[in-house]
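> Below are the structure tokens for one structure; questions will follow.
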Amino acid sequence: MLRKSFFIATVLLCGVVNAQPRAIPLKDSTSTSYMEGISSFNHVYVSLADLASALGLRTFMLGPTGKMSVYSGDGSMLFTPNNCFITISRGARSEHYQLPLPVIVVGNKLFGPANYLGQYFTTILHGVLTYDVSTGGFDFTVNDTLPPMITGVNVEQKDNGAVISISMSRVPTAAAAALGKDGILYVTIMPGTFDFETLNSLPPTAVYSNVLAIQNPNSVQLSFRLKQAYSGRQVFVDSTKNSVMVALYSKANSRTILSDELKARLDAEKKNWKLNVIVIDPGHGGKDPGALGLGGVKEKNVALAIAKDLKSDINQRLPGIKVVMTRDKDEFVPLDVRGQIADKAHGKLFISIHCNSMPRKPDPANGIETFFLRPGKNEGAIRIAARENAAIKYENNYEKKYKSYETDNWILTTMAHSAYVKYSQQFAELIEKDVTAITPLADDGVEQAGFIVLIGASMPAVLVETGYISNWHDVRILRSKRGQEEIAKGITDAIVQYKALYEKNFAQE
Ligand SMILES: [Zn+2]
């Protein structure tokens, strides 16, 4: 044993002597960060602390042993200096793996062999980490199609109640809690998932005797058997700590806020749910004219005109809401970039404006129809989605870029959006009702379809086919200033009602 350590130490010392410092890049979808690295005997080593920090993971040094733990919401990894073995823990399970090269110490920092770390970090990340030997850099791709996972439950007893915090691998969209008459607290987290091992390894607590989890298609429901009766509860998603907090009030102190800190966080969370940014997406533009209608009307121009009217309407009637446009002139914007603009602006609602058209003109088909995201179910919806998605053919390299949108991935992609489906549908229904109330356009109803532009935006999102430019009745409305203003006004009416509905749903009880 002693001999072996001595041998490794000698090899390492030589390694260090030959070491050349170098910066190692880590690229993710938005940025590149640089980490301290060294090359030694044709191998590249990266600072484990730098790599963890670039991935947003916490680290902890185990005092005199020199060992280092790296934590994510999903698990942890333990690195030992001058040793090939790493320990990966997830839930109650720990497993040991052997790296082909040991972790080395330079200065007082641990360095790991870059080429072999990716697969192990990937096991505790919501994404894939790879190292490219030819470029000498790391790539990290977030896998955000996986729902947030429950990674632990903590309880804290207070004088006037208790707080249960459920930690998650990522921030879920919404959470709800209810106290059953049977002494059970039901908590629903959406979207969410769990594994049995994590939940089974939870220690018993002073607040509840056991917890049971049920996986639903879009959510996870936890049932806590409480040890005493509580008179009320509050629940909120704490986005700063990737957790769901449930505050329980004991009978004696009914409705008292548990602590100032908790109250401040509740208020901050309420602000997060405010409908404060709306993204308007005028369809097509630039080299992509969209559908060509009767009398030379182009879809891209009608869409932009209505979008501009909609923006000024919102500014006037809902001055607290910021409006972001994916384009405000006649320019080409790729479909996926539209979603990125919406996400960057932290939009709470995404409205894509289009005009419908039939291949043969004129055609009797007419009316306004509003879509939300789901793979197309009926033939009409599939036809319209195919036409709108065809905008990608104006983009370079589109086969490669949109490959992930092929059938298999539909299920995953729509699951990621399932939390927003309810809100998207409610908003779509309001648009149909309110626009047809003030324009002569017929109500063609709400439909689900697979629009690429709606996939990119991580928020409730709809696509409005405002009317048919292949129909004389509709095109007269769509190309007239008055018609465009009325459609915009109808959509704003829908936003006003949606805002009240949406914010009420997330208001604290
Ligand atoms: Zn269109």
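All of the numbers you see were taken from the coordinates with simple rules; none came from a lab. Source: prediction; values computed, not measured. Cβ placement follows ideal geometry from the backbone for every residue including glycine, while neighbour counts extend to all protein chains displayed.
> What's the local net charge at Ser167, with K and R +1, D and E -1, over the other residues with C-beta under 10 Å away?
0
> Here is a follow-up. Does segment 36-77 come out rounded, prolate or oblate by the C-alpha gyration tensor, with a ≥ b ≥ c the root eigenvalues, rounded set by a/c under 1.5 and, if not, prolate when a/b is larger than b/c and oblate if not? Don't skip to the end; give the middle numbers.
On the way: a/c = 2.59, a/b = 1.49, b/c = 1.74.
Verdict is oblate for segment 36-77.
> I've got another one for you. Within a 10 angstrom radius of the beta carbon, how do Glu432, Glu369, Glu395 rank from fewest other beta carbons to most?
Sorted ascending by nearby Cβ count, the order is Glu395, Glu432, Glu369.
> Let me ask another. Taking the Cα centre of segment 52-142 as the origin, how large is its charge dipole in debye, to the nearest 20, when only Lys and Arg (+1) and Asp and Glu (-1) carry charge on their Cβ atoms? Spell out each step's value before the answer.
Numbers: 5 positive and 4 negative charges, 59 e Å.
Here the size comes out at about 280 debye.
> Quick one: if you stick a label point 7 Å off each Cα along the C-beta vector at Gln497 and Gln221, how many nm between them?
With each label point 7 Å from Cα toward Cβ, the separation is 3.0 nm.
> List, in order, the whole-Hz ³J(HN,Hα) value for each residue of segment 115-124 obtained from phi through the Karplus relation with A = 6.51, B = -1.76, C = 1.60 and θ = phi - 60°; use x for Gly and Pro.
3J(HN,Hα) across segment 115-124, in whole Hz: 5, 10, 7, x, 4, 7, 4, 4, 5, 10.
> OK, next. Treat each spin label as a single point 7 Å out from the Cα along the C-beta direction, and report the Val128 to His473 distance in nm.
My value for the distance between the label points is 5.1 nm.
> Follow-up. What is the order of Lys287, Lys298, fewest Cβ neighbours within 10 Å to most? Walk me through the intermediate numbers first.
Details: Lys287 11, Lys298 19.
Ranked by crowding around the Cβ, least crowded first: Lys287, Lys298.
> Short version: ³J(HN,Hα) in whole Hz for each residue of segment 229-236, in order, from phi by Karplus 6.51 cos²θ - 1.76 cosθ + 1.60 (θ = phi - 60°), x for Gly and Pro, what are they?
Per-residue couplings from phi come out as 7, 10, 9, x, 8, 10, 9, 7 Hz.
> Given Lys348/Lys481; Lys298/Lys422; Lys298/Lys329; Lys287/Lys433; Lys300/Lys322; Lys311/Lys348, which pairs have Cα atoms separated by over 26 Å? Before the final figure, lay out the partial values.
Numbers: Lys348/Lys481 28 Å; Lys298/Lys422 32 Å; Lys298/Lys329 14 Å; Lys287/Lys433 33 Å; Lys300/Lys322 23 Å; Lys311/Lys348 15 Å.
Beyond 26 Å between Cα atoms: Lys348/Lys481; Lys298/Lys422; Lys287/Lys433.
> Now for a separate question. Sorted by mean Cβ packing within 10 Å, highest first, what order do the peptides 302-313, 338-349 take? It would help to have the intermediate numbers written out before the result.
Details: 302-313: 22.3, 338-349: 20.6.
The packing order, highest mean first, is 302-313, 338-349.
> Now a separate question. How far is the Cα center of segment 350-374 from the Cα center of segment 31-94, in Å?
53 Å
> How charged is the neighbourhood of Lys329? Take every other residue with its Cβ under 12 Å from the Cβ of Lys329, and add Lys/Arg as +1 and Asp/Glu as -1. Each step should come with its number before you reach the end.
Working: positive: Lys300, Lys308, Arg327; negative: Asp328, Asp330, Glu331.
Once all neighbours under 12 Å are counted, the net charge is 0.
> Follow-up question, since we're still on this one. So between Ala23 and His43, what do we pick up on full extension, going 0.36 nm a residue minus the alpha carbon distance? Spell out each step's value before the answer.
Numbers: separation 20, 0.36 × 20 = 7.20 nm, distance 1.38 nm.
Extra length available between Ala23 and His43 comes to 5.8 nm.
> I've got another one for you. What are the residues whose amide H is under 5 Å from the amide H of Met358, where those residues sit 5 or more places off or on another chain and H is modelled from the backbone?
Here Ser470 satisfy the definition.
> Where does the charge balance sit around Ala488 when Lys and Arg score +1, Asp and Glu -1, over other residues with C-beta under 12 Å from its C-beta?
Details: positive: Lys308, Lys311, Arg317, Lys481, Arg482, Lys489; negative: Asp309, Asp313, Asp434, Glu485, Glu486, Asp493.
Once positives and negatives cancel, what remains is 0.
> Name the residues whose placed amide hydrogens come within less than 5 Å of the amide hydrogen of Val324, ignoring near sequence neighbours (fewer than 5 apart) on the same chain.
Hits under the 5 Å cutoff: Ile278, Val279, Ile280.
> To continue, here is another question. What full-extension length gain, to one decimal in nm, is calculated for His346 and Lys322 as 0.36 nm per residue of separation minus the Cα-Cα distance? Let's see the in-between values first.
Values: separation 24, 0.36 × 24 = 8.64 nm, distance 1.04 nm.
Computed gain between His346 and Lys322 is 7.6 nm.
> Label-point separation (nm) for Ser480 and Met61, each offset 7 Å from Cα along Cα-to-Cβ?
Inter-label distance under the simple model: 7.6 nm.
> Let me ask something else. Residue separation times 0.36 nm, minus the C-alpha to C-alpha distance between Thr30 and Thr135: what's the value? Provide the component values of the computation, followed by the final result.
On the way: separation 105, 0.36 × 105 = 37.80 nm, distance 1.86 nm.
So the chain would gain 35.9 nm between Thr30 and Thr135.
> While we're looking at this one, here's another question. For His96, His354, which order do you get if you count the other beta carbons within 10 Å of each Cβ and list the fewest first? Walk me through the intermediate numbers first.
Numbers: His96 9, His354 30.
The most exposed by this proxy come first: His96, His354.
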